[in-house]
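Student: Questions regarding the structure given below will be posed in turn.
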Amino acid sequence: MALAARCDLGDIDAAALWRAANRELSARLVLAAAREELVASRIDADILEVPTLGRLPLRRRFALGLHAAALDQGGAAWLDDTAAVWRRLADTLGCDAATAARVGEELADGCDHLAHALLAARHRPTRRDDDPRSWDAEHFITLGHPWHPMVKTRLGLGWADNIRLAPELCARAEIVTVELDAGRVRRLGDLDALARVGFDARGPSVRLPVLAAQWRRLPPALRNTLRRVDAPPQVGRSLASLRTVALDGHGVHLKLALDVLTTSAKRTVSPMSVANATVVSALVEQVQREDPRAAGALALMREVAAAGLDPADAGDDARQLGVIVRDATALDAACLVCAALGEPDADGVPFVRRLVAGYPGDDPTRADAMFADYLALLVPPMLRLWTAHGIALEGHLQNTLVRVARGRPAGFLVRDLGGIRLHRARLGAAGHRVALDPASFILTDDGDEAADKWVHAVVHAHLAGVLRVLVDTFDYDEGRGWARVAAVIEGCLGAWTAEPTLHAACEADRAHLFAPRVRGKALLRMRIADRSSEYSYVALDNPLFAHRRRP
């Protein structure tokens, strides 16, 4: 029991925390295996029966197979040991020993970190106006991803470094400075933005930021070619992505490399991301200026500068050192990262209640009115960027922040352009030209792949998550929520199809978005196969089809 062995927890029941972490991840593992059709399963009277694993009581059944387990009910003691659940599943699937050991290690690492997060959730700091760690929703996310079994996996980040860096532990992220010759570095964008926060990439000798946790992880051959500046580390706040740091007072976020596996991928900064960041940011900004419907109430946290090792010099190690500078001047205390909406704030009240405070009526009525406004502000610009311009933003809960005004949603900010998709044909039809790094996977000719990126991020990993929070917090009718989502999408496509240049795109999107079955991302399959950028999918019943209003 790692948590009990490593911490003097006083009267804290470490065994209970460890058990809770195991039960959460075991349930996610079973639900994912059933959803992704890795095992035979059936649901009978709110019990998910998996003959090769066990019987899992369900608290609620949700669309897209994203059900919620009843972890506080008695029984199902087999969930108390995630490692044993995985061994049974691995045997069922016929996994080889290396795969079984690798996935088991990821799950065990996640259990350890989740136990610490559960402990932190019970001991939030007292609110202080001068310390965003005590009120910024970024620091109140105990779980994060709504269904990934490796939700708290941080493989490669040791126990001590997790305490130093984890946002839910209100840690402070230390950033050291390294110096190297400019000839070894790619530099793009407004380099003054880096200089203003103490990292000068403008001259023949370049100074770049590196997370202290990453400095210790750099390959020795690379670290020995860098000169660490003898100065006190800068200190910032780790945000929900773990490796992105807010420099309060400067109005910037720094996306930095961290060679740690979280959820599905190593969080390094690839040379492709460095080369593309400011280019893609400028493209989205231009589109939103020229097409107001692609902007609306959706603002981009601009990526204004980037720098990193040139792969021609560093080879595969280039991804170990890089920085993308994100403009955060639009952020203030009224902005909430959407991944935290279901989490309790410092007063124990779910953040989502801040979004309904300005509406009259009982809880379900207020939730319904709020969700209508939420969709009207978020979906049209997100969909317009895709349908009219071929830009599929990765607008999932962690990448999206909602601005609250007078107890209602007032607009959104979206961040992180590293995993978006750009559809070549739609970009060209809209008159856009973009020069990307030759290694870029974000530019694609596959319309279905790009559309699925949009659907997964916006519909499955964002709106389904918000609906889950509304159902749990306000006893909202999930079906009514999906009907609202379908109506907003249908309304947008119906209006835009009258534009001659968009008729074909609207018809294609209508067919894709409202198909009876939809492709859902198979995250557990991807971990078993050890793939991050090559997606696996499972066919699921589509709630947009089920709740689409018929003529």
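Quick note: the coordinates plus some simple rules give every number you see, no bench work behind them. Predicted, not measured: the structure shown is a model, and the values here were computed from it. Neighbour counts run over all protein chains shown; Cβ positions are idealised from the backbone, glycine included.
Student: Taking the Cβ-Cβ separation of D91 and R202 as r and a Förster radius of 56 Å, what is the calculated FRET efficiency to the nearest 0.05?
Tutor: Details: r = 57 Å, r/R0 = 1.03.
Calculated value: 0.45.
Student: Let me ask something additional. Counting other C-beta atoms within 10 Å, which of V349, V197 has the fewest, and how do the rest follow?
Tutor: Ascending number of Cβ neighbours within 10 Å: V349, V197.
Student: Determine the distance separating the Cα centre of the range 125-161 from the Cα centre of the range 44-64; give it in Å without decimals.
Tutor: So the separation of the two Cα centres works out to 29 Å.
Student: While we're here: Counting alpha carbon pairs within less than 8 Å and at least 6 residues apart, what relative contact order, in whole percent, applies to the range 2-155? Display every interim value, and only then the final one.
Tutor: Values: 188 pairs, mean separation 38.2, N = 154.
Value for the range 2-155: 25 percent.
Student: State which helices in the chain qualify, where a helix is a whole DSSP H run, it must extend 18 Å or more along its own axis by its Cα atoms, and its mean Kyte-Doolittle hydropathy must be at least 0.0.
Tutor: Working: long enough: 14-35 (31 Å, 0.40); 97-121 (36 Å, 0.47); 271-290 (29 Å, 0.31); 363-389 (38 Å, 0.29); 478-496 (28 Å, 0.37).
In the chain, the long hydrophobic H runs are 14-35, 97-121, 271-290, 363-389, 478-496.
Student: Taking the Cα centre as origin and putting +1 on Lys and Arg beta-carbons and -1 on Asp and Glu beta-carbons, what dipole magnitude results for the range 330-436, to the nearest 20 debye? Could you put the intermediate results ahead of the total?
Tutor: Working: 12 positive and 10 negative charges, 137 e Å.
Value, rounded to 20: 660 debye.
Student: Test of understanding: what is the full-extension gain from E534 to A231, defined as 0.36 nm times their sequence separation minus their Cα-Cα distance?
Tutor: Contour length minus the Cα-Cα distance gives 105.0 nm.
Student: Quick one: Cα centre-to-centre distance for the range 399-420 and the range 495-544, in angstrom?
Tutor: Their Cα centres are 23 Å away from one another.
Student: Evaluate E = 1/(1 + (r/R0)^6) for D192 and D446, where r is the Cβ-Cβ distance and R0 equals 41 Å; express this FRET efficiency to the nearest 0.05.
Tutor: Working: r = 38 Å, r/R0 = 0.93.
Step by step, r from the Cβ atoms, then E = 0.60.
Student: So if R0 is 41 Å, what FRET efficiency would R517 and A83 give, r being the distance between their Cβ atoms, rounded to the nearest 0.05?
Tutor: On the way: r = 34 Å, r/R0 = 0.84.
Efficiency computed from Cβ-Cβ geometry: 0.75.
Student: A follow-up question, please. Give, as ranges by residue number, the residues of the range 402-420 whose backbone N falls under 18 Å from the point 7 Å along Cα→Cβ of D332.
Tutor: 402-414
Student: Sticking with this structure for a sec: At a 10 Å Cβ-Cβ cut-off, how would you order S533, S273, S26, fewest neighbours first? Could the numbers behind the result be given before it?
Tutor: Numbers: S533 10, S273 25, S26 29.
Neighbour counts put them in this order, fewest first: S533, S273, S26.
Student: Kindly provide the helix-only [θ] at 222 nm of the chain, computed as the sum of -39,500 (n - 2.57) over DSSP H runs of four or more divided by all residues, to the nearest 500 deg cm²/dmol? If you can, show how the numbers build up before the last one.
Tutor: Working: 19 runs with 203 residues, N = 551.
Here the helix-only value at 222 nm equals -11000 deg cm²/dmol.
Student: Could I ask something else about it? Peptides 144-150, 261-267: what's the order by average Cβ count within 10 Å, highest mean first?
Tutor: Values: 144-150: 23.6, 261-267: 20.0.
In decreasing order of mean packing, 144-150, 261-267 become 144-150, 261-267.
Student: Same structure again: When you count, for each residue, the other Cβ atoms within 10 Å and take the mean per peptide, how do 297-304, 177-184, 378-385, 496-503 rank with the highest first?
Tutor: Details: 297-304: 21.6, 177-184: 15.5, 378-385: 24.1, 496-503: 13.5.
The peptides rank, most packed first, as 378-385, 297-304, 177-184, 496-503.
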